[in-house]
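Working notes, structure below.
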Amino acid sequence: MLIKLAGREAVLTRTLWLALAALVCGCATTTQKSVTDWHDAVVAVREQSATTFRGVNDLVREAQLKRAADLANLKEDDFHPGLDAKSIATWNRALDNLAAYGASLSALLSPGLASGVGDSTKQLGASIATSSKSTVFQQQPGLSSALGKLGAKLASLSAAQSAQSVMAQTNSAITEVLDQMARMINDDSSGMETGILQTVHADWTSRAADVRAAFLDAKTPADKRDLAAQYAALLEKRDAADAALLGLRGALLELAVAHSRAAAGGSMDTSALIASIREQTAFFKGLLQDLKPAKT
Amino acid sequence: MPTQNESMRKLQNALVLQLRKLNDSLDDVTDSNRAQAIVREMQEVNHRIALTGSLLFAAQAQELDDKVAEISKATKTVNAAVADIENLQAFLDAISEFLGLVDEAIDLAKTL
């Protein structure tokens with residue numbers, strides 16, 4: 001009887017090691033780090049868009065004040081916000097939902113979650129052995145740890161499969177939301193050009209046109225030079241604003257591409273994106289500073 | 001029939017083209033008064049570009065809200081999967097504890 005039991009334990013041990021080896025060699029799946037990077041990129045895009053939208057609204061307001069000088073009376077429409085608070089809140093809500101989704105995926109893929117199951121499996125194995133008076137764990141000291149690893153690996157695989165399945169199911173919604181947001185920044189489809197970028201570009205062009213008209217009244221070469229320098233600076237700012245907005249648009253599309261890649265079983269890597277987002281945000285931060293009224 | 005967003009896009013695009021044309025016309029102007037008149041016209045077109053842009057942004061944001069519900073649903077599914085694994089751990093811990101109690105009971109019974 002004892003020999004029979006010892007034989008059964010040996011078979012069990014061999015099976016356990018084989019199962020563990022097979023699971024460890026399993027295919028690569030989305031890692032927690034890449035999901036966390038994606039979540040961080042969403043949060044960075046939220047910050048980037050908040051700064052950008054403040055800059056857009058300040059630009060629009062400046063243009064409205066300048067236009068008011070030529071108006072006979074004032075109407076509410078003359079001071080319509082560039083981007084209204086309700087729509088900005090909706091935009092932020094979309095990014096908050098994406099960030100919450102990323103955080104949940106990250107929690108699901110957390111090694112801590114799987115290792116907790118591993119520890120409990122190990123503990124349960126030890127309890128069963130004690131209850132059944134088995135000495136298998138004394139005879140094979142590594143078995144207890146292997147049992148724990150098997151439990152952790154099974155939990156981790158289950159988590160990865162759940163994450164993969166949710167990502168595949170949600171991918172079209174995520175892509176649609178991020179594409180829509182990118183179109184809100186700039187939409188050049190159907191042979192038209194529309195969006196926030198057009199508002200900002202038109203504003204800088206109008207500012208530059210002011211200087212072009214003033215140039216015609218310049219009396220001295222020095223005045224002309226000064227106005228030419230102002231004109232060149234405004235064109236540079238217009239290009240920088242365009243680049244920053246196209247950068248935000250690109251970041252939104254990149255987030256969608258990274259999610260699609262992960263949903264198809266590939267990498268979700270967006271680590272390089274965060275650095276580029278921070279760079280692009282700098283322009284509108286500088287602009288906000290420039291548009292602040294001078295302290296008297 | 002074009003949607004509200006499409007109509008708004010067409011309008012903003014037409015204004016953008018108009019502004020570009022006015023700006024280009026400044027290339028050949030040398031008379032200051034004429035230039036000032038064009039700049040004032042550009043200011044008006046620019047104001048309307050911002051206005052249509054704002055209305056378009058608001059309409060697109062509303063569409064966005066409808067699509068976001070799907071993501072919120074997915075987050076709930078992921079949270080349920082996390083809870084499943086946590087429940088599994090709690091279940092394994094409970095069995096371990098139960099076996100420990102059984103062993104204690106057996107040991108106690110042996111002493112009786």
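The values are calculated or read from the model by the stated rules, or taken from the named source; none is laboratory data. Quick caveat: nothing in here was measured; it's all calculated off a predicted structure. Cβ sites come from the backbone with ideal geometry, for glycine too, and all protein chains shown count toward neighbours. Heavy atoms of the whole protein, side chains included, go into the accessibility calculation; ligands, DNA and RNA do not. Shrake-Rupley method; radii C 1.70, N 1.55, O 1.52, S 1.80 Å.
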Q | Folded to 0 to 90 degrees: helix B:4-25 orientation relative to chain B principal axis, Cα | A | 40
(Q) In Å², and per residue, what accessible area does the protein assembly as shown have when probed at 1.4 Å with the other protein chains present? (A) 51
Q | Size of charge dipole - the stretch B:1-110 - debye, nearest 20, with Cβ of Lys, Arg +1 and Asp, Glu -1, no other charges | A | 940
**Q.** Pairs beyond 27 Å (Cα-Cα), from A:75/B:10; A:224/B:10; A:75/A:285; A:219/A:285
**A.** A:224/B:10; A:75/A:285; A:219/A:285
Q: Working with all protein chains in place, sort A:259, A:39 by solvent-accessible area computed with a 1.4 Å probe, largest first.
A: A:39, A:259
Q) Between residue B:69 and residue A:66, what FRET efficiency comes out of the Förster formula 1/(1 + (r/R0)^6) with R0 = 45 Å and r the beta carbon distance, rounded to 0.05? A) 0.60
Q.
Tell me the carbon and sulfur percent of the accessible area for the stretch A:167-291, rounded to whole percent, probe radius 1.4 Å.
A. 53
Q: Relative to the longest principal axis of the C-alpha atoms of chain A, give the angle of the C-alpha long axis of helix A:111-131, reported between 0 and 90° and rounded to the nearest 10°.
A: 10
Q.
Give me the percent of accessible area attributable to carbon and sulfur for chain B, probe 1.4 angstrom.
A. 57
Q. Treating the beta-carbon of each Lys and Arg as +1 and of each Asp and Glu as -1, no other charges, what is the dipole magnitude of the protein assembly as shown about its Cα centre, to the nearest 20 debye?
A. 720
Q | Accessible area buried at the B-A interface, both sides summed, 1.4 Å probe (Å², nearest 100) | A | 5600
Q. Tally Lys and Arg at +1 and Asp and Glu at -1 over the other residues with C-beta under 11 Å from the C-beta of residue A:267: what net charge comes out?
A. 0
Q.
Using the Karplus curve 6.51 cos²θ - 1.76 cosθ + 1.60 with θ = phi - 60°, what ³J(HN,Hα) values do you get for each residue of the stretch A:213-230, in whole Hz, with x for Gly and Pro?
A. 5, 5, 4, 5, 8, 5, 8, 10, x, 5, 4, 4, 5, 4, 5, 5, 5, 4
Q: Summarise the accessible area of the stretch A:29-166 (1.4 Å probe, protein heavy atoms) by the percent that is carbon and sulfur.
A: 56
Q | Cβ-defined net charge surrounding residue A:88, 13 Å radius [Lys, Arg +1; Asp, Glu -1] | A | +1
Q | Descending Cα extents along the principal axes, chain A, whole Å | A | 112, 44, 39
Q) Once phi is turned into ³J(HN,Hα) by the Karplus curve 6.51 cos²θ - 1.76 cosθ + 1.60 with θ = phi - 60°, what whole-Hz value does each residue of the stretch A:267-278 show in order, with x for glycine and proline? A) 7, 9, 4, 9, 4, 6, 5, 4, 4, 5, 4, 4
Q. Of the trypsin sites (Lys or Arg not before Pro) in the stretch A:184-258, which ones lie in a loop per DSSP and count no more than 10 other C-beta atoms within 10 Å?
A. A:219
(Q) With angles folded into 0 to 90 degrees, how steeply does helix A:2-24 sit against the dominant principal axis of chain A? Use alpha carbons for both and round to 10. (A) 20
Q) For the stretch A:177-221, with the dipole built from +1 on Lys and Arg beta-carbon atoms and -1 on Asp and Glu ones, taken about the Cα centre, which of A:200, A:215, A:181 lies farthest toward the positive end? A) A:215
